[in-house]
Amino acid sequence: MTDQFAKKGEAWSARFSEPVSDLVKRYTASVFFDNRMAQVDIQGSLAHAEMLAHQGIISAADYAEIQRGMAQIKGEIESGQFEWLLDLEDVHLNIEKRLTELVGDAGKRLHTGRSRNDQVATDIRLYMRGAVDDIIGLLRELRLALLDLAEQHADTILPGFTHMQVAQPITFGHHVLAYVEMFGRDAERMIDARKRINRLPLGAAALAGTTFPIDRLRVAKTLGFDDVCRNSLDAVSDRDFAIEFCAAAALVMTHISRMSEELVIWMSPRVGFIDIADRFCTGSSIMPQKKNPDVPELARGKTGRVNGHLIALLTLMKGQPLAYNKDNQEDKEPLFDTVDTLTDTLRIFADMARGISVKPEAMRAAALQGYATATDLADYLVKKGLPFRDAHEAVAHAVRTCVDKGCDLADLSLADLRAFSELIGEDVFAVLTLEGSVAARDHIGGTAPNQVRAAIAQLRKELN
Ligand code: ARG
């Protein structure tokens with residue numbers, strides 16, 4: 001009996017009259033992707049064993065042996081010597097089998113009062129907690145880099161667009177701060193998701209709990225969980241915390257993708273608002289002149305795969321009856337790829353944000369086209385007493401005249417302008433400048449340079 005487990009390499013062999021077919025083995029195995037949870041699997045096992053010993057369920061000597069074996073396994077995994085076996089299906093059985101090889105019966109006692117069902121749920125949560133903490137840190141890095149960019153360009157003027165048509169002049173700093181806000185909400189969502197990730201499933205065992213006198217709160221404390229999952233069936237089966245994370249990740253990527261789209265447009269020679277440092281771009285194998293913004297384009301593309309992972313997990317969960325079903329093994333690859341994609345993308349963007357050089361002349365030239373100060377002229381007339389709708393109409397006539405003449409509003413003489421409204425005086429020209437236009441939007445959330453600087457100062461305080 002002692003060696004049956006070791007010989008056949010399968011935890012349930014005695015129940016079966018023939019071995020699993022090779023095809024099925026390959027189909028059901030997860031070891032080659034779930035072994036990325038090896039370190040947290042060991043961490044979880046050690047906390048479980050410590051509790052078993054504390055409760056007198058295993059002896060102190062067994063616990064010491066388990067610790068010794070796990071330390072060696074940890075080293076073998078870190079140095080790449082550990083031999084992962086497909087026959088042993090997943091990361092949990094591979095490590096447990098090796099432990100038993102190393103320490104004998106103590107290794108076989110580790111799984112007392114535990115199932116792979118609560119074990120895997122615990123591992124995923126531990127793994128995700130680390131990943132989410134990294135992502136929160138990276139969002140902060142990205143926001144700090146964007147804050148620096150915004151600060152350098154608190155006064156730089158470019159056209160703001162609606163419908164991709166020139167709308168009103170804005171400051172580039174203000175534009176960049178819009179993304180700092182988006183990534184700030186993304187960080188809030190990650191922090192919030194972390195609360196629900198950080199609860200301990202162990203103790204749920206297969207589904208109903210265990211007959212041993214375990215102390216779940218002790219294990220939770222050892223592993224740094226805020227609480228235990230309060231229902232054993234729920235603990236082993238639901239993956240809503242992973243879905244929630246993927247939803248938050250999809251939003252991060254959506255914001256990255258919007259920013260990417262702008263970077264690509266801005267770097268197009270037709271627009272020429274920015275340049276991106278060469279180390280983030282690539283050339284063409286046929287067109288020698290090309291410098292392509294591959295990183296933002298690829299990030300825009302990768303948003304699709306993260307969205308796909310969210311849908312995969314939602315679909316995975318929707319038909320599952322309580323409690324654990326093998327379907328859940330399929331949660332890992334989408335989840336891991338989401339973590340990898342998000343982590344790499346945020347790291348690159350935080351770096352790339354510092355490799356963006358702005359071309360203020362091109363931005364200014366664009367802001368001078370398209371009658372960006374037309375609203376300012378209408379507001380000016382309103383301040384002189386004209387109802388807004390009438391002011392709107394008067395300025396529409398003025399713009400029409402400019403379109404015919406091929407000039408800007410500021411190029412019209414005072415006499416020309418007065419043809420549209422008697423209320424227009426010499427002071428109108430201050431209003432028609434780009435600087436006057438942005439400076440006038442001087443309230444919380446407005447584009448005025450001093451508002452941008454105030455917002456940056458506030459954000460820096462929050463980030464430090
Ligand atoms: N590899 C499995 C998973 O990822 C571990 C749990 C398997 N439990 C079971 N009873 N088959 O979900």
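The values are calculated or read from the model by the stated rules, or taken from the named source; none is laboratory data. Keep in mind that what you see is a predicted model, and the values were worked out from it rather than measured. Virtual Cβ from ideal backbone geometry, glycine too; neighbours counted across all protein chains shown.
Quick notes on this structure:
- Put simply, of Val306, Val295, Val236 the only residue that is under 18 Å from Met182 (Cβ atoms) and in contact with a Cys (Cβ under 9 Å, 6 or more places away or on another chain) is Val306.
- Within the range 58-96, the residues that satisfy the criterion of being hydrophobic (A, V, I, L, M, F, W, C) and surrounded by fewer than 20 Cβ atoms within 10 Å (Cβ to Cβ) are Ala60, Ala61, Ala64, Ala71, Phe82, Trp84, Leu85, Leu86.
- Single unsatisfied condition, Arg140 versus (1) crowded, with 21+ Cβ neighbours inside 10 Å; (2) within 30 Å of Glu262 (Cβ to Cβ); (3) of a type outside the set (A, V, I, L, M, F, W, C): (1)
- No other residue among Gly44, Gly75 is under 30 Å from Phe225 (Cα atoms), within 16 Å of the ligand (Cβ to nearest atom), assigned to a helix (DSSP H, G or I) and under 32 Å from the mean Cα position of the chain (by Cα) apart from Gly44.
- Considering residues of the range 183-202 that are touching a His at 6+ places or on another chain (Cβ under 9 Å) and buried (at least 18 other Cβ atoms within 10 Å of the Cβ) only, the residue nearest to Ala121 (Cα to Cα): Leu202
- Residues in the range 324-376 that are more than 16 Å from the ligand (Cβ to nearest atom) and of a type in the set (Ser, Thr, Tyr) were compared, and the one that is farthest from Glu435 (Cα to Cα) is Thr338.
- Verdict on Ile57 being of a type in the set (A, V, I, L, M), outside any helix (DSSP H, G or I) and away from the ligand (no atom under 16 Å from the Cβ): yes
- Being basic (Lys, Arg), in a helix (DSSP H, G or I) and farther than 16 Å from Ala242 by Cβ is a description that does not apply to Arg196.
- Residue in the range 252-267 that is surrounded by fewer than 14 Cβ atoms within 10 Å (Cβ to Cβ) and more than 19 Å from Val180 (Cα to Cα) present: no
- Candidates are the residues of the range 333-379 that are of a type in the set (A, V, I, L, M) and within 19 Å of the chain's Cα centre (by Cα); the one that is farthest from Ala430 (Cα to Cα) is Leu335.
- Criterion violated by Val103 - all others in (1) among the β-branched types (Val, Ile, Thr); (2) more than 25 Å from Val228 (Cα to Cα); (3) under 26 Å from the mean Cα position of the chain (by Cα) satisfied: (3)
- The set of residues from the range 220-236 being touching a residue at least 24 places away in the same chain (Cβ under 8 Å) and among the hydrophobic types (A, V, I, L, M, F, W, C) comprises Leu223, Phe225, Val228, Cys229, Leu233, Ala235, Val236.
- When Thr171 is tested against (1) away from the ligand (no atom under 16 Å from the Cβ); (2) farther than 24 Å from Gln369 by Cβ; (3) touching a helix residue (DSSP H, G or I) at 6+ places or on another chain (Cβ under 7 Å), just one condition goes unmet, and that condition is (2).
- Any hit, the range 312-320, residues being within 16 Å of the ligand (Cβ to nearest atom), farther than 30 Å from Ile170 by Cα and touching a Leu at 6+ places or on another chain (Cβ under 9 Å): yes
- Selection of first residues in the range 96-116 that are in contact (Cβ under 8 Å) with a residue 12 or more places away in the chain and of second residues that are within 16 Å of the ligand (Cβ to nearest atom) and of a type in the set (D, E, K, R), restricted to Cβ pairs under 9 Å at least 6 apart or on distinct chains, gives the following pairs, ordered by first then second residue: Gly107/Glu96; Gly107/Lys97; Lys108/Glu96; Leu110/Glu96; His111/Glu96; Arg116/Asp90.
- Any hit, the range 79-98, residues being over 32 Å from the mean Cα position of the chain (by Cα), among the β-branched types (Val, Ile, Thr) and at pLDDT 95 or above: no
- Only residues that are more than 30 Å from Leu342 (Cα to Cα) and either buried (at least 23 other Cβ atoms within 10 Å of the Cβ) or more than 16 Å from the ligand (Cβ to nearest atom) (or both) were counted across the range 97-135, and they come to 15.
- For the range 28-37, the criterion of being away from the ligand (no atom under 16 Å from the Cβ) and surrounded by 15 or more Cβ atoms within 10 Å (Cβ to Cβ) is met by none of the residues.
- At least 1 residues being under 17 Å from Gly173 (Cβ atoms) and not small (Gly, Ala, Ser) is the threshold, and among the helices (runs of 4 or more DSSP H) wholly inside the range 348-464 those reaching it are 360-367, 434-440, 449-463.
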